[in-house]
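The values are calculated or read from the model by the stated rules, or taken from the named source; none is laboratory data. In this text, all values refer to a predicted model and were calculated from it rather than measured experimentally. Positions of Cβ are generated from backbone atoms using ideal geometry, with glycine treated the same way; all protein chains shown enter the neighbour counts.
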Amino acid sequence: MSVKIKPGNWNLPSWLDTWLILTWLVVLLVLFRPVVHGYDPVGYFSWVRSAVIQGSLDVTDEFDHYAIGKVRPTSPVGYKANPWGVGTPLLWTPLYLVAHMLVGLARIFGATAEPDGYSWPYPAACALSSAIYALAGLMLLKIIIEERLGKSPARPAVFAIWLASPLVFYMSANSLMSHACEFFAIVLFLFLWVRTEEYGPGRWFLLGLTGGLAMCVRIQNAPILALAALFCCLDAFGTGKPLLLRVRSVVWLGIGGLVGFLPQLITWRVVFGSWLLTNPYAPSGETFDWSSPHLLDVLFSSTRGLFPWVPAAIPGVWGLFILSKRQPRLAAMLVPHALSQVYVIGSWHVWWGAASFGPRLLTGILPALALGLAAFLAHCHRKASSSYLFCGLLVVWNLLLLARYGLQDLARNAPISWEQLILGQFQFLTRLPHFITRVIEGLLRQAS
């Protein structure tokens, strides 16, 4: 694009990136599946349905509707213990309300969709919301990269971290999860973070509000607020600015964080009887082992480890070291937050993410990896064509994994060996015509 972007400019010309938007539309046309299935989607969807349709936080009816009521525990105050965060349902609510209004209007003209909160327009609205937030996150991420590292590496890095990671799957084929919304919340936080160096309390309040929202989406994002507060105070010593001014900024950051996280606190108080929960999944027997995290497994395991499943993470991590020299303040936020995510996920008893495509639990570190990848590409002084070729190979690797996952050539909820993961990629290519034929036959049977 011909529009020049300057640091701190609040105009958003890059929202109009045609290639990102067109690719996003193609992805939705091919992969979009707005269906509520599995525990996590039911948990998130139940919040918004219960709040809007019933005016309640009691999700008993929703859990029974999706046949999981008997297997989910009850909280100490008698509610169904729904441990999934409320941030994602909050972000879905605007389009959910639009869907509810449109269903009511459509019934006047003879449409058959029931205004019960369950019929297809409702999950479609929530799924589309996730896809839109993912697109917004990609656009904002591209702006950050352009501002901090230049235009040349921005688009290939954004495309790679999107299409060569689980994000492409969780903003389309399984978008009734929290991962697309988490990606958006983290990018929005970073977008504001790089703009708080010279601004007043209002900007710090907004930053805190965004951090609180990120915590509502997934509680493991709490370290970003602590890091922001720490670096705000450290800036006083590095820049010579009055410490009192920085303390005021931290106070506004904390107020914003409290306001942003308040919906989750209220929900916990109503549903669990406590304002603060260290582990909302505890009633289901799901635990953390902080003393023995699976750090190496999270990073290197063939069963949905970060580097084997997202090869873009390798140059991404390398690039974070480069970024620490070019943009130390930004890197000082990204690296500790990413490390905290790896530690938290490694401590989780289901660190591989159960039935999932790739390391979905690490979606929150994708913005950091994108900035690292962009720094790597810029450092290598790659021409645009070679950058796109390099990132394109990463995308092909991921799309092959995605095809194998969709066709159940890869186990969805079982260990995966190195042979199945690596050699299976090449074996799959030789069997691809057979799979294509099978898919076409299935589509024809559905159409007949």
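Here are some notes:
- Restricted to helices (runs of 4 or more DSSP H) entirely inside region 84-169, those with at least 2 residues that are of a type in the set (D, E, K, R) and either more than 30 Å from residue 305 (Cα to Cα) or within 22 Å of the chain's Cα centre (by Cα) (or both) are 121-149.
Table: residues versus (1) more than 24 Å from residue 315 (Cβ to Cβ); (2) in contact (Cβ under 8 Å) with a residue 40 or more places away in the chain; (3) surrounded by fewer than 23 Cβ atoms within 10 Å (Cβ to Cβ).
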residue: 147; (1), (2), (3): no, yes, yes
residue: 154; (1), (2), (3): no, yes, no
residue: 170; (1), (2), (3): no, yes, no
residue: 181; (1), (2), (3): yes, yes, no
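- Any hit, region 348-364, residues being among the aromatic types (Phe, Trp, Tyr), without any contact (Cβ under 8 Å) to a residue 60 or more places away in the chain and under 19 Å from residue 39 (Cα atoms): yes
- Subset of region 334-349 [in contact with a Phe, Trp or Tyr (Cβ under 7 Å, 6 or more places away or on another chain), assigned to a helix (DSSP H, G or I) and either surrounded by fewer than 23 Cβ atoms within 10 Å (Cβ to Cβ) or of a type in the set (Lys, Arg) (or both)]: 347
- When the criteria are applied in full, residue 189 fails the requirement of being modelled with pLDDT under 95, outside any loop (DSSP other than H, G, I, E, B), hydrophobic (A, V, I, L, M, F, W, C) and farther than 28 Å from residue 36 by Cα.
- Just one residue in the set 75, 46 is polar (S, T, N, Q), more than 27 Å from residue 165 (Cβ to Cβ), surrounded by 14 or more Cβ atoms within 10 Å (Cβ to Cβ) and at pLDDT below 95; that residue is 75.
- Test result for residue 326, surrounded by 20 or more Cβ atoms within 10 Å (Cβ to Cβ) and charged (D, E, K, R): no
- Single condition residue 282 does not satisfy, out of (1) small (Gly, Ala, Ser); (2) within 19 Å of residue 206 (Cβ to Cβ); (3) modelled with pLDDT under 90: (2)
- Residues of region 107-155 satisfying the condition of being in contact with a Leu (Cβ under 9 Å, 6 or more places away or on another chain) and closer than 18 Å to residue 326 by Cβ: 141, 142, 143, 144, 145, 148, 149, 152, 153, 154
- Residues of region 62-72 that are without any contact (Cβ under 8 Å) to a residue 60 or more places away in the chain, assigned to a loop (DSSP other than H, G, I, E, B) and surrounded by 18 or more Cβ atoms within 10 Å (Cβ to Cβ): 66 alone.
- Among the residues listed as 113, 99, the single one being free of Cβ contacts under 8 Å to residues at least 40 places away in the same chain, more than 22 Å from residue 24 (Cα to Cα) and small (Gly, Ala, Ser): 113
- Residue count for region 284-328, restricted to those that are at positive phi and in contact (Cβ under 8 Å) with a residue 40 or more places away in the chain: 1.
- One residue from 59, 35, 52 being in contact with a Leu (Cβ under 9 Å, 6 or more places away or on another chain) and either surrounded by 17 or more Cβ atoms within 10 Å (Cβ to Cβ) or of a type in the set (Lys, Arg) (or both): 52
- If only residues of region 393-413 that are polar (S, T, N, Q) and loosely packed, with under 13 Cβ neighbours inside 10 Å are counted, the one that is farthest from residue 429 (Cα to Cα) is 413.
- Looking only at residues of region 380-426 that are part of a helix (DSSP H, G or I) and among the polar types (S, T, N, Q), we find that the one that is nearest to the chain's Cα centre (by Cα) is 398.
- Residue in region 351-363 that is modelled with pLDDT of 90 or more, among the hydroxyl-bearing types (Ser, Thr, Tyr), in a helix (DSSP H, G or I) and within 16 Å of the chain's Cα centre (by Cα) present: yes
- Hits in region 309-340 (condition: over 17 Å from residue 224 (Cβ atoms) and polar (S, T, N, Q)): 324
- Yes/no for residue 273 being in contact (Cβ under 8 Å) with a residue 12 or more places away in the chain, surrounded by fewer than 19 Cβ atoms within 10 Å (Cβ to Cβ) and on the phi > 0 side of the Ramachandran plot: yes
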